1. From other protein chains only, count the Cβ atoms within 10 Å of every residue's Cβ in A:104-117, then give the mean.
2. Show me the ranking of peptides B:766-776, B:381-391 by mean Cβ neighbours inside 10 Å, starting with the highest.
3. Counting only residues 5 or more places away or on other chains, whose amide H sits under 5 Å from the amide H of B:TYR360 once H atoms are built in the peptide plane?
4. Percent relative contact order of region A:9-96, based on C-alpha pairs within less than 8 angstrom and at least six residues apart?
5. Could I have the simple spin-label model distance between B:LEU796 and B:ILE490, label points 7 Å from Cα toward Cβ, reported in nm to one decimal?
6. Go through A:129-141, B:218-230, A:148-160 and give me the packing order, highest mean Cβ count within 10 Å leading.
7. Checking the a/c ratio against 1.5 first, then a/b against b/c, what shape does the Cα gyration tensor give for chain A?
8. Per residue of A:154-161, what is the mean number of Cβ atoms on other protein chains within 10 angstrom of that residue's Cβ?
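The values are calculated or read from the model by the stated rules, or taken from the named source; none is laboratory data. Keep in mind that this is a model prediction, so the values were computed, not measured. Glycine gets a Cβ as well: all are built from the backbone with ideal geometry, and neighbour counts include every protein chain shown. SASA here: full protein model, heavy atoms, side chains in, ligands and nucleic acids out. Shrake-Rupley method; radii C 1.70, N 1.55, O 1.52, S 1.80 Å.
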Amino acid sequence: MGGSASHLSKEQLSEYQELTFLTKQDILHAYRIFTELLSKDLVDFQNIRIAKERFCELPELKANPFRERICLVFSTAIEKDGSVSFEDFLDMLSAFSDSATLEIKSHYAFRIFDFDDDGTLDKEDLKNLVNCLTGGTSDTQLSEAEMNQLIQNILEEADIDKDGTVNLSEFQHVISRSPDFVSSFKIVL
Amino acid sequence: MAHSVDFYRDADDDAVLEISEQEPASPDFCFEEDLVHHSFADLLSEQSAVESQSSVMIELEDQPCAGIENQGYIRSPPHAQYMLNDDCYDPATLKVLSFMPSRTIGRSRGAVISDYCNRTLRFRRKRARPALSDMARSMRPSIRDVAALDENCEEEVEKKKLLAELQQLTGSDCIKLLRTMPLNLSVKREFRHMTSNCKDHSCGPLENNHLPCWSRTKYNLIIAVRQCWYGFLSFLNSLQLWQIAEKQIGGRFGTGVLSYFIFLKMLLILNVFHLVMNLSFIVIPQATHPPANAKGTFSGLELLTGSGHFTDTVLYYGYYTNSSWNILDNGRSKSSALTNSSWNISGSEASNAGALSIWYNLPIAYIYTLGTSFFITCIILVHCLSKAFGESYRVGSTYGNLVAKVFCSWDFKVTQKQSVESNYENISTQLKECVTEHDFLTTASSVHQKMCNLSVHFLGWLLSLGSVVGCTLAVYYYSESMLKGYSENIQQGTHERLVESSLLTLPMLVSLINLVMPYIYNLIGLLENYDFPQQQIYVSIARNLLLKMSILGVLCFHWMGPNTKNIAEISCWETFVGQELYRLKIIDFIFLILDTVFAEYLWRIICIKLLKRKRKPEFDIARNVLDLIFGQTITWLGLLFAPLLPAIQIIKFIVVFYMKKLSLMQNCQPPHKFWRASHMMTIFISLLCFPSFLGAAVAYFYTIWYIKPSLTCGPFRTLDSMYDSAVQWVRQLDENASKFFKLSWILVRNPFILLLASGILLIVIYFHWQVVDGQRKVIKLLNEQIANEGKDKKFLIGKLHYFNRKKFKSPRKRHTQWEDEVFSVND
């Protein structure tokens, strides 16, 4: 706090507090971490973007297999390179916070799992998802046959309109039935 | 469910032709045609396959009221073969399809804005006309938006629409709605500025001229209150107990182990509440008016045995007197004998003494504080239970759902590399199990195998029940003999300290049983063969619970039954019971520390050094939670007899938290099995509610209504039962009491009211049950409807593909032929 907090004005702080699900402490803590990542004390921290690779070195994200997708989804960079600004960072923390609604979490989870950004989870997306979940080592990965069977089972259960993909509504339908989602879709700084 | 489809032939066909000539999508959306191909290729190939099969069927069925669709089908057979052979990758079709609402909502900002525009509209309308039931919200934007296929233009249009909707809402609602929108911060800020600007402009003249002064102060007050509220919330957040520790534990061990610590925190807060109630209404009034009693000397043994010097302190029931004090006039106090006549006398004395006197009646305070804290605890527990139950049970959901596992099982809180790797293993194992599950289920185990399993289960249960009965009897007979020994020792005049120390043996026996038996049950569980791994956990929880509750039950019987009262040496049986509870608590605490230190630490050393296993022991969540529940039950039982017992419980919880955390970090590894955290919290809270809290409440009812308090000590001396004090107080109030008191008293004691209340409760339960039943049926119907819509969609995609392909191949020739086909319907 102290000196660095003075860069974040009171109006901005209250505005962030109103528009996101974060508390004042969370926002200040996020500001501290962001400026540390920048590794220099800049005045216009709002316009600076942190590169994806640097951002993925955050201890909370380092071991997460979805860290690159998270950067890509929350980034508002025009170049689509996954670079993260301070507001993107706040968006991310807000979606992953305790008080975020189920809808927001499920919306962003859908976008994170949609590896090819086409608006639905098709077979390739699901394959990528399962590979992320089981890690990269050969003994934990599923074999080809198991993967196909698994994806077929998933589509049988989740694809209600039988178009071969899981769209956002179907995803949210599954999520709303599962009470563990809210507690597992959280990142605490 | 067939819907009649309106084909606006001119408009649609033109649109189809137009789109295929348009530029690729705007740079906002990063879709590439290659990627889009994947998701639609299957659909298109499927549709063409279906068409080739079903076209023959359709021809045979004579459809008199055929729309253009059926004509199309009938026309298709000659072209079906043609389509199957060719490539499905028609760029024009795919471009159109990629703008389908169900796809765009997942990636397009304009679609999100449009959807939230609809929701805002519905939200506003909801206030005027409340809906009967909470309709499931569809995420698809309305069909009318499909017409605006130009993405940039669409976004601007939608923004304007949403802005219009937002402006109709009040400030706080607007902000709440903005917060729940999945848009980025800059867009939300834009909206906020625009809405507040418009509001300012529209309110400007209003404020200066028409707004009355009271309205302005009202707004200022509301703003001030809201800022205070935000400040208070921030303050509460900064006070968060143990937040960093929870983050560390969650990061390494996941949500399952974390739920134990959250449960501990919840119990801690409950105990703080009990302590505050007891302190403020019972302990402090008595402490400020101490009765004249001779106290013994203090020696260290009191901390362990709770007797000796501690006997005549605020710690126990026996210290409290049945007096009432005048709060305003500090010196005056009276000790009422609490018989009818003396109440009247002292009442008149009081009225003679002065007009201003408020009498603080300790016996009534004692009973009512206890009753109120139990009542509030009951409400809190029921609320927590219903919330947890509501979260973990959903209409129509199935446990062990594969899809839920895939989508929801990644715990984003876990940050340590090792834990992440063990999570990979867990999930991989589970998914593999799920895939091979039908193999597992289909291999029907032979009858012989089943019989073996059943007999092993039966044997296991027989063993555990037998051990429960054995332990219970052992505790009972030991307690009897201990009491006999106690009275003999006192008669013989042995040294006081020795006598008191001998009383410690009963708590030691109980704690030993609590320590050893769970391991034995685990062993028995290992020998048995379970169908599902979760079953093993539930069975072991059930057995442990049975053991603990039956031991507590027999102890209650021993304390409140005839045995203790018949011992002449125990003048004040309530104090004796309070001391027993104190001893039980302290010894339990000591055994817990020893268990943590030796069992987990030593076990780790044994595992690693002797057995040469790489894995450390796991944290047994079920056993630890049951220990917590056991401790809490003792505290609840002890509230009446030792009002300061919650303080000891609080100290114990704080020490246990840090100790368990340390032991966890050093000695344990993340759990092997996948724990469903929400499910577990439901189970823990329901276990806390039902055997534990209900048992304590029943014990209290029995004590307060039926048992005769001792004659020489405590606030209820000389009464027939503790309840009589309340009866007499009410009778005394009768003289100058309002009708309200009389009425409420009659209501409480009348059994008819109870009948009416249970009748109403049953009706409410039946109503909710019917609602759930109806919802299940609606879900089934909606699923069918969606599947049918999916079929419609596939059909339309096929048609679109067919038309576009024709155009793609040779635009001029095919166009006229297609026109002929389409318009020939009119013949």
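1. Mean partner shielding for this stretch: 4.
2. B:381-391, B:766-776
3. B:TRP325, B:ASN326, B:ILE327
4. Working: 86 pairs, mean separation 25.2, N = 88.
Worked out over region A:9-96, it gives 29 percent.
5. A separation of 8.8 nm, rounded to one decimal place.
6. On the way: A:129-141: 16.4, B:218-230: 11.1, A:148-160: 18.0.
Most protected by this proxy first, the peptides run A:148-160, A:129-141, B:218-230.
7. Note, shape of chain A comes out prolate.
8. Mean partner-chain Cβ count within 10 Å for A:154-161: 6.
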